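Worksheet: the structure to be examined is printed underneath.
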């Protein structure tokens, strides 16, 4: 069954889950400056992202796998790396850096289909972008890449600053 917005029921469920995952990731970023797998928003993001990826795999808008399918597989591979990077002792201090980079990368990769699908489908009567190769869409994705890079650099600077700051008396007492 196809609905008026050209999404199947699975497509609608997949879209709702993916939007919720991205909103939770943004909440985590604004709340603590990173997507921490040990925090409640981090755990929600991880599970919703897994559901998004898995529910997106059977969706074949063009009858064959698309770049979105490959992005889902990449995200599914990256998530365990992001989740366990800090726990891998051989990584040492690099584990925290790897974690923020990889978790941010999963969000970045999840946003690519968000923008591509939204701009090539909406508004329904005359979508903003004509297709994945539309110059406007390429500019949006370039902007998204810049936001990702700036965000990762900011997170790395925060980690470095935290490591250079000596512990305060209050944190030593607790």
(message) Quick test of your reading of the structure: residue 113 fulfils all but one of (1) buried (at least 16 other Cβ atoms within 10 Å of the Cβ); (2) under 13 Å from the mean Cα position of the chain (by Cα); (3) modelled with pLDDT of 95 or more. Name the failing condition by number.
(response) (3)
(message) Regarding segment 120-136, can at least one residue be identified that is modelled with pLDDT of 95 or more and closer than 28 Å to residue 85 by Cα?
(response) no
(request) Look through 71, 78, 57, 51 and report the one residue that is within 17 Å of residue 11 (Cα to Cα) and either buried (at least 19 other Cβ atoms within 10 Å of the Cβ) or within 12 Å of the chain's Cα centre (by Cα) (or both). (result) 71
(message) Name the single residue that is surrounded by the most Cβ atoms within 10 Å (Cβ to Cβ) among those in segment 28-46 being in a helix (DSSP H, G or I) and within 12 Å of the chain's Cα centre (by Cα).
(response) 45
(message) Out of the residues in segment 118-169 meeting the condition of being in contact (Cβ under 8 Å) with a residue 60 or more places away in the chain and assigned to a helix (DSSP H, G or I), tell me which one is surrounded by the fewest Cβ atoms within 10 Å (Cβ to Cβ).
(response) 163
(request) Hey, can you tell me all the residues within segment 28-41 that are under 15 Å from residue 106 (Cβ atoms) and in contact with a helix residue (DSSP H, G or I) (Cβ under 6 Å, 6 or more places away or on another chain)? (result) 28, 34, 35, 36, 37, 41
(message) Step by step: first the residues of segment 7-27, then only those that are farther than 17 Å from residue 115 by Cβ and in contact (Cβ under 8 Å) with a residue 40 or more places away in the chain, then the one that is surrounded by the fewest Cβ atoms within 10 Å (Cβ to Cβ). Which residue is that?
(response) 10
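The values are calculated or read from the model by the stated rules, or taken from the named source; none is laboratory data. Note that the coordinates shown come from a computational prediction; the quantities given were computed from them, not determined experimentally. Note that we place each Cβ from the backbone using ideal geometry, even for glycine, and neighbour counts take in every protein chain shown.
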